There are 2 protein chains.
Amino acid sequence: MREPEGSLMAGEDPLGTAQAEELEAFRVEGERALDWAVDYLANNNRYPVLSQASPGDIRKLLAPSPPEEGMGLAGLVEEIERVVMPGVTHWNAPGFMAYFATTASPPGILGELYTAVLNQNALVWQSSPAITELEPVVLDWLRQMLGLPEGLFGITYDTASTSTLCAVAAAREVAVPGVGERGIDASVGLRMYASEEAHSVVDKAAMILGIGRENIRKIAVDSEYRMVPEALEAAIRADERDGKKPFCAVATVGTTSTTSIDPVPVIGQICRDHGLWLHVDAAYGGAAAILPEMRWIFDGVDQADSVCLNPHKWLMVPVDISAFYTRRPDALKRAFTFVRPYLETRFDESVVNLSDYGPQLGRRFRGLKLWLVIRAYGVDGVRQRLRRSIDLAREFEAWVGSDRRLQLMAPRPFSTVCFRAEPHGRSEEETNAFNERLLERVNASGRAFISHTVLNGAYTIRVAIGNMWTAEAHVEALKQEIERAMDG
Amino acid sequence: MREPEGSLMAGEDPLGTAQAEELEAFRVEGERALDWAVDYLANNNRYPVLSQASPGDIRKLLAPSPPEEGMGLAGLVEEIERVVMPGVTHWNAPGFMAYFATTASPPGILGELYTAVLNQNALVWQSSPAITELEPVVLDWLRQMLGLPEGLFGITYDTASTSTLCAVAAAREVAVPGVGERGIDASVGLRMYASEEAHSVVDKAAMILGIGRENIRKIAVDSEYRMVPEALEAAIRADERDGKKPFCAVATVGTTSTTSIDPVPVIGQICRDHGLWLHVDAAYGGAAAILPEMRWIFDGVDQADSVCLNPHKWLMVPVDISAFYTRRPDALKRAFTFVRPYLETRFDESVVNLSDYGPQLGRRFRGLKLWLVIRAYGVDGVRQRLRRSIDLAREFEAWVGSDRRLQLMAPRPFSTVCFRAEPHGRSEEETNAFNERLLERVNASGRAFISHTVLNGAYTIRVAIGNMWTAEAHVEALKQEIERAMDG
């Protein structure tokens, strides 16, 4: 590190004393926060996984008005314990098996600490060469791990909501060049396609982008909740006959409800034949492609125009980070770029400014935590952790299959098991109510948190294994609670 | 904390040993990271403020492929030093006076640490009662600090880009009910309004939302870069005569270029008269309303439909967090809500699910860091820090005013000074080139980083004071470098 001539060290600074005092307090309270974090991660089984708060409980713990005098840094950890912890549902605990389970791993947490301290903002290249250059390399590492084709443009967004929005925005720009300038003309008749099982982020993208939810054709799924490609092609053909403009399809690798996998190779061919942008939403499931034995889940994705997966789901990175790849960065840029003089720099011709490729101008150092996770664990360590989730889910699935009171409700390609109890001689409605009670009892036990979906009217329990600390003992505890709830 | 019956403590866990080892490594490397952070913050003057990297320098420091074997946690801080630091532009250093200066304060950094460890995601209330209930209270604290009216609905987004998008989306929904369902019909002729000096996020919102940049009327500004309300009203009237549908205006309190303040009271009256949604973008300037002597900047904002400001700019909170307030949360919800069965809970009637009020389903615990900053510093401490920025800017402005070679280019309502050098007998073009060189020399010194804008064709230097560690000595150093650059 070079020291600029005449630089001001803290000692010469008239505010140096106050600063030195605050930094010393930061060191002390930071050490307490770190001790607390280690203790929390070592013992997070001590909390009920699902917060046992009732609506309004946390609000009551807070003063109605801000304090006039500050408390300083000393004692902030006690405030976290007092106010925050009662309202925490423990996403970072091994008993969390709801929605999709996630992990904020130690290297990921350290990544967030560095991100906060450095407070980078990649408005343009020069405002953070570190973000602007590290992020594409780390995304290329991840691309290689996933077996995706060379040459893809990679960028991070916060969530799959934004990744999907960006994919559809780029597709819209390709279908109607200049749409950002002129706005949408409904007479163009834009139509997009996704299965009935696609995530609601597809609906939100159509709402936000002015396409309208009515102009999404929801394509039927087969008995295993996968898009029926013949139905997709029929819908596209019908719309073409009606003078509509099919422009985008979203296929899902690992749907949120059952983790089904749409037949991407066939869908890709249909999209090419009809000139549609194909976006593959692999927010949860995509990570599994890092395992050689699971790479098949990305069959056909090399033909997609864009694909996203969320490292904050199953790749041990704290929320939020969604990795987005596209073969057509020019379309993405046309959909979003608009630059003002106060951001022009002499580097603009020779660098990529990431803010040209998404809705937000501001951009925190989101790639740093992913980089540290891959550095710390290596590809091998990432694979081991993914395999453990899948192995545990396979065992749990076998247990469900072996109990005649339980019924598997969908195939399990990844680490999420869908099932329900089927007590004898009950109506469908009674069976639903029984399973809803079962879920509530398990969650009330505090030992696990699981969630549900609804499949063809059937209330279905989802057990999603994905926290890297989840071990056999936690799955055993879940089984015990399910047994107990069924018996009770 | 209650311990659920039969919970599994780390010791009983078959993976306990590996977990215990990783957590011990986390403690050790975490302490090194914390030491590094304290040292960095105490001595960040030792780095050139603007990264001295050339395009490609950081990329070269990274391996082209991910490591097969992980390095573990030990030594990550050396990796940060080796790879990241050369590409860091020091946003968190006192010499940073470019764009808008920011601070990741110690309590804000601790907030990010807790956020990462707990890894909350507020999909719905029960998935994080802590986020869902703490965030509205903290935003209400901030509302009180700002003197905004009671009863406003507050929510955080990542950036002002998203806040603006949400404001315009809600306005669009009010103007064309059901637009999310049916999409935009260009024949409706939606028109929106913002001054020539409004931020590019307004343009991006119109592009993304399908309104089209052509349908933004850019309203003229006066000699102090404030929207001319008569021009706004004339534009609205002309559009109404043409059968267009004016639906939204964006006023700015603290424009990005010169920090000018649009006449919100008059603009608000015009919007009410013509039935437009008024959004006030106070991303940078809004924080100043916390000072009683600056509260006037929010005159008329009580009449706005929505307003946003970014605590990650001038309120000592690490990036990203934008605070958004609206009188009309129902419109915001209609613009974004769409729920799937797997997210329905028995609480949905009795709680607010924050994901219903924005583009993203996923939501990290963004309010925590703002809460800790207000707790640690108190309203009084926040005011002291804001005042110091303004005092330093006032002194710097006086210095510019006292040097006949320098010319102030715009009024300074906040802590940002716009000026240029005006060497004798030079053409406008030569003057621009002279100032561009001046800026580059100052930035090359490493002692400060300042940026520019262009005002009526004139290359203009911006000095934005806002990092809470910036003291007189840093402004003195900047003055020295400006003098040196002018003389050289």
For this session: Name the residue, out of A:Ala10, A:Ala18, that is at pLDDT below 95, over 17 Å from B:Thr115 (Cα atoms) and surrounded by fewer than 17 Cβ atoms within 10 Å (Cβ to Cβ).
Result: A:Ala18
Problem set entry | Residue match in segment A:360-375 (condition: part of a helix (DSSP H, G or I), crowded, with 24+ Cβ neighbours inside 10 Å and modelled with pLDDT under 95) | no
Problem set entry | Enumeration of residues in segment A:361-391 that are facing another protein chain (nearest Cβ under 9 Å), of a type outside the set (Asp, Glu) and free of Cβ contacts under 8 Å to residues at least 24 places away in the same chain | A:Gly378, A:Gly381
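Scan segment A:248-291 residue by residue and report those that are in contact (Cβ under 8 Å) with a residue 60 or more places away in the chain, of a type in the set (D, E, K, R) and either surrounded by fewer than 23 Cβ atoms within 10 Å (Cβ to Cβ) or not in a strand (DSSP E or B) (or both). So that I can check it myself, show each step before the final result.
The initial filter retains those residues of segment A:248-291 that are in contact (Cβ under 8 Å) with a residue 60 or more places away in the chain, namely A:248, A:250, A:254-262, A:276-277, A:279, A:281, A:283-291.
Imposing the further condition that a residue be of a type in the set (D, E, K, R) reduces the set to A:262, A:281.
Passing the criteria: only A:Asp262.
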Exercise. Within segment B:233-246, is there a residue that is closer than 30 Å to B:Arg420 by Cβ and buried (at least 20 other Cβ atoms within 10 Å of the Cβ)?
Worked result: no
For this session: Could you check, for segment B:410-425, whether at least one of its residues is assigned to a loop (DSSP other than H, G, I, E, B), under 23 Å from the mean Cα position of the chain (by Cα) and within 11 Å of chain A (Cβ to nearest Cβ)?
Result: no
For this session: State which residue is farthest from the chain's Cα centre (by Cα) when the search covers only segment A:457-481 and only residues that are part of a loop (DSSP other than H, G, I, E, B) and facing chain B (nearest Cβ under 7 Å).
Result: A:Ala471
Exercise. Of the conditions (1) more than 9 Å from chain B (Cβ to nearest Cβ); (2) without any contact (Cβ under 8 Å) to a residue 12 or more places away in the chain, A:Phe153 fails just one. Which one is it?
Worked result: (2)
Exercise. If you check B:Ile236, B:Ile211, which single one turns out to be assigned to a helix (DSSP H, G or I) and farther than 30 Å from B:Glu293 by Cα?
Worked result: B:Ile236
Exercise. Restricting the search to segment B:108-136, which residues are of a type in the set (Ser, Thr, Tyr) and part of a helix (DSSP H, G or I)?
Worked result: B:Tyr114, B:Thr115, B:Ser127, B:Thr132
Problem set entry | Residue satisfying condition, being in a helix (DSSP H, G or I) and more than 22 Å from the chain's Cα centre (by Cα), within set A:Ala393, A:Ala335 | A:Ala335
Exercise. Does at least one position in segment B:158-177 carry a residue that is part of a loop (DSSP other than H, G, I, E, B) and more than 8 Å from chain A (Cβ to nearest Cβ)?
Worked result: yes
For this session: Would you be able to say whether some residue in segment B:306-321 is away from every other protein chain (no Cβ under 14 Å), crowded, with 24+ Cβ neighbours inside 10 Å and modelled with pLDDT of 95 or more?
Result: yes
Exercise. Among the residues of segment B:427-456, which ones are surrounded by fewer than 17 Cβ atoms within 10 Å (Cβ to Cβ), in a helix (DSSP H, G or I) and within 12 Å of another protein chain (Cβ to nearest Cβ)?
Worked result: B:Glu436, B:Arg437, B:Glu440, B:Ala444
Exercise. Does B:Ser54 satisfy being more than 7 Å from chain A (Cβ to nearest Cβ), surrounded by fewer than 24 Cβ atoms within 10 Å (Cβ to Cβ), assigned to a loop (DSSP other than H, G, I, E, B) and not charged (D, E, K, R)?
Worked result: yes
For this session: Considering only segment A:78-107, state which residues are in a helix (DSSP H, G or I) and either more than 7 Å from every other protein chain (Cβ to nearest Cβ) or of a type in the set (Val, Ile, Thr) (or both).
Result: A:Glu78, A:Ile80, A:Glu81, A:Arg82, A:Val83, A:Val84, A:Met85, A:Pro86
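Right, A:Ser187: crowded, with 24+ Cβ neighbours inside 10 Å and assigned to a helix (DSSP H, G or I) or not?
no
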Exercise. So, in segment B:322-344, of the ones that are out of contact with any Leu (no Cβ under 7 Å at 6 or more places or on another chain), over 27 Å from B:Asn92 (Cα atoms) and hydrophobic (A, V, I, L, M, F, W, C), which residue ends up surrounded by the fewest Cβ atoms within 10 Å (Cβ to Cβ)?
Worked result: B:Val339
Seminar exercise, completed: Considering segment A:57-77, residues that are in a helix (DSSP H, G or I) and touching a residue at least 40 places away in the same chain (Cβ under 8 Å), and then whichever is farthest from the other protein chains (Cβ to nearest Cβ), we arrive at A:Val77
For this session: Identify, by number, the condition in (1) surrounded by 22 or more Cβ atoms within 10 Å (Cβ to Cβ); (2) under 24 Å from B:Val253 (Cβ atoms); (3) at the interface with chain A (Cβ under 10 Å from one of its Cβ atoms) that B:Gln144 doesn't meet.
Result: (1)
Exercise. Taking segment A:397-409 as the search range and keeping residues that are free of Cβ contacts under 8 Å to residues at least 40 places away in the same chain and part of a loop (DSSP other than H, G, I, E, B), which one is surrounded by the most Cβ atoms within 10 Å (Cβ to Cβ)?
Worked result: A:Asp403
Problem set entry | Close pairs (8 angstrom Cβ cut-off, 6 or more residues apart or separate chains): on the phi < 0 side of the Ramachandran plot in segment A:436-451, among the charged types (D, E, K, R) and part of a strand (DSSP E or B) anywhere | A:Ile450/A:Arg462; A:Ser451/A:Arg462
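The values are calculated or read from the model by the stated rules, or taken from the named source; none is laboratory data. Being a predicted model, the structure only gives us computed values, none of them experimental. With ideal geometry, Cβ positions are generated from the backbone for all residues, glycine too; neighbour counts draw on all protein chains shown.
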